[in-house]
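Remarks on the structure that follows.
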Amino acid sequence: MTGSSRTRLCRTFVDRAVQTWRYVDIGARNRLIPGEETLTDINLLEIQGRHPGAVRIWRFSKWKEGRATGADWEWWIGGSGWWVGMRVQAKNWRPGTTPKHLAARLNYRRGQQLQLLLSSSAQDGLFPLYCLYNGRRRWPWLTCPTCQPSPQAFGCTIVPATCVASALHSGSGAHILSCCRPWSCLVCGQCLGFPTGALAHQIYDSLLPAFETLQFRMSPLREQLPQYILALREGAPPERLPDVARLLLIEEGGE
């Protein structure tokens, strides 16, 4: 992925966040907020459609989604021998929902989903994340200083699952706010303060502090993709599939 293609990918992620913010904002005013699955599918398909040479998506049967992983989709980014993996659970953050109520919503099934997300990710060496779809107009937390500091940039917000667990343990949702970042920060190197270098390294180095602080052990960066993704990339049936409904692969070197 060249510098120009990275810039285009960054713009795509910012644009999808802005569009998601509009969907949730308009939906809230008309009592018709799109569901989490709908927003996820639209966003991933738009990303793939704009970057067909760099992005691949696989969609699987939903019937067992998240029973073992607690995740909606699995996300791999990298290339040139370095990969970083993430498991993501998507949730709507409706306008007017307080951080405390948000924390309660993320404690789905009495925390079972959260614990599955944490434990399965730790076992397989992936970062466990939440992606919050929201249309809030006020933002009481700090944003990335060089990422468009606007409410719309948080239409797709990433939060480390460890921050959610900490907020639930403390009984306060305020901690979640300090962990919120626009999802564009994952692919916009200038936003993270790492304008050069492999994208996988940038993401890994930016996410790691939030997990180390809460004593979540992360495996080193991968030098090779898992076998099930390698098989899918070659068009072959893998021996096993992850317990998620969607796989997203962003590969440096494509457009």
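Derivation of every value follows stated rules applied to the coordinates shown; laboratory data play no part. Note that the structure is a prediction, hence the values are computed from the model and not measured. Here the Cβ positions follow ideal geometry from the backbone for every residue, glycine too, while neighbour counts run over all protein chains shown.
With viscosity 1.306 mPa s and temperature 10 °C, the Kirkwood radius over alpha carbon pairs of segment 198-255 converts through Stokes-Einstein to a diffusion coefficient of 115 µm²/s. Size descriptors for segment 44-129, from the alpha-carbon set: Rg then Dmax equal 15.0, 44 Å.
Highest mobility in the GNM of the chain, judged by mean-square fluctuation with C-alpha springs under 10 Å and restricted to Ile57, Ile26, Ile47, is found for Ile26. Counting only Cβ charges, +1 for Lys and Arg and -1 for Asp and Glu, the dipole size of the chain around its Cα centre is about 1000 debye.
Calculate the translational D of the chain in whole µm² s⁻¹ from Stokes-Einstein, where the hydrodynamic radius comes from the Kirkwood formula applied to all Cα pairs, the temperature is 10 °C and the viscosity 1.306 mPa s. Provide the component values of the computation, followed by the final result.
Details: Rh = 18.3 Å.
Answer, rounded: 87 µm²/s.
Close amide H contacts of Gly155 (hydrogens built in the peptide plane, cut-off under 5 Å, sequence separation of 5 or more or a different chain): Trp21.
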